[in-house]
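Accompanying notes for the structure given below.
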Amino acid sequence: MKARNATQDDEQRRLAVLIDADNAQPSVIGGLLAEVAKYGVASVKRIYGDFTSNQQSQWKKALLKHSISPVQQFAYTSGKNATDSSLIIDAMDLMYTGRFDGFCLVSSDSDFTRLAQRLREEGLTVYGFGERKTPDAFVQACDKFVYTEVLRAQEPVAVPVAPKPGKQPAKKTARVAKQAAVQAAAPPASAPAKPSGPLPLPLELIRQAIEEGSDEEGWAHLGSVGNYLNKIRPDFDPRLYGQKKLSDLLRQHPRHFTVEERATPGSGGKTLFVRALD
């Protein structure tokens, strides 16, 4: 198999996006494809599942909007996941064409761990996308892993509509007042679980990354620090800790890190360096 040139610009890298409909949500697809665009061009977009079932009916609108090709896979036997097998077979077929630079595997299922390993063995880049519940084995098998919780679009907050002025019927007014009194007397119901906030900063991990690339004075190129973090922790993402960029994340903690902007000789640009503080 002839591999494509991996040195080409990221914008031109051809990627195959394969989605496990049983382990992904339509609400993240917009943000997910925008994330994929950072790494290359989604030349193939396929989703695998049994779309005759009621559980998968919610996918129809998302597929049409984002031009994703559905691959119908009937559940021939109860308890057996034929979707995984179909996705894996297609991934191998696409790999052997030699037309792709990388694969985006969208699933929270550890069954795709070996697939990710095999694709990387062939010299292809593997980007994983899944929920925080994704087993660590699959996360570590990818070059880069993005948790879909950071890709979800925030839903608009419903604003209560004020009632139109006017005289309400006496019976209705009394009923509303009675319901309000009952609710006030009742013990407060447990609030629905909210999405977890930013994670605590992994100080030791970041310090290790800085130390690996630092000079005699302790300064390290910020890009090298980010590359090292992704190599040892494929799921490292500043968005998990409340910031979009690594530089912003480190600047948010001046007690532990200092970020310095230096002019790049000969280019007129600027480069960021970081140093860990004692």
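Just so you know, all these numbers are worked out from the coordinates, no wet-lab data involved. Since the model is a prediction, treat every value here as computed from it, not as a measurement. Cβ sites come from the backbone with ideal geometry, for glycine too, and all protein chains shown count toward neighbours.
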Which of Ser214, Leu250, Ala276 sits closest to the plus end of the dipole of segment 203-276, meaning its Cα is farthest towards the positive end, when Lys and Arg get +1 and Asp and Glu get -1 on the C-beta?
Leu250
Hey, what do the phi angles of segment 36-43 turn into as Karplus ³J(HN,Hα) couplings, whole Hz, using 6.51/-1.76/1.60 and θ = phi - 60°, x for Gly and Pro?
4, 4, 6, 9, x, 9, 7, 5
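Quote the convex hull volume per residue of segment 203-276, based on C-alpha atoms, as a whole number of Å³.
Values: hull volume 7.0 nm³, N = 74.
It is 95 Å³ per residue.
For a quick check: sort Thr52, Thr113 by the number of other beta carbons within 10 angstrom, fewest at the front. Before the final figure, lay out each step's value.
Values: Thr52 10, Thr113 19.
By the 10 Å Cβ count, ascending, the order reads Thr52, Thr113.
If each residue's Cβ is checked for other Cβ atoms within 10 Å, how do Ile88, Ile29 rank with the fewest at the top? Mind showing how you got there, number by number?
Numbers: Ile88 18, Ile29 23.
Going from least to most buried by this count: Ile88, Ile29.
What ranking do Ser53, Ser108 get, fewest neighbouring Cβ atoms within 10 angstrom at the top?
On the way: Ser53 12, Ser108 22.
Taking fewest neighbouring Cβ atoms as first place, the list is Ser53, Ser108.
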Can you list residues from other chains, or at least 5 along the same chain, whose modelled amide H is less than 5 Å from the amide H of Cys104?
Ala16, Val17, Leu18, Tyr127
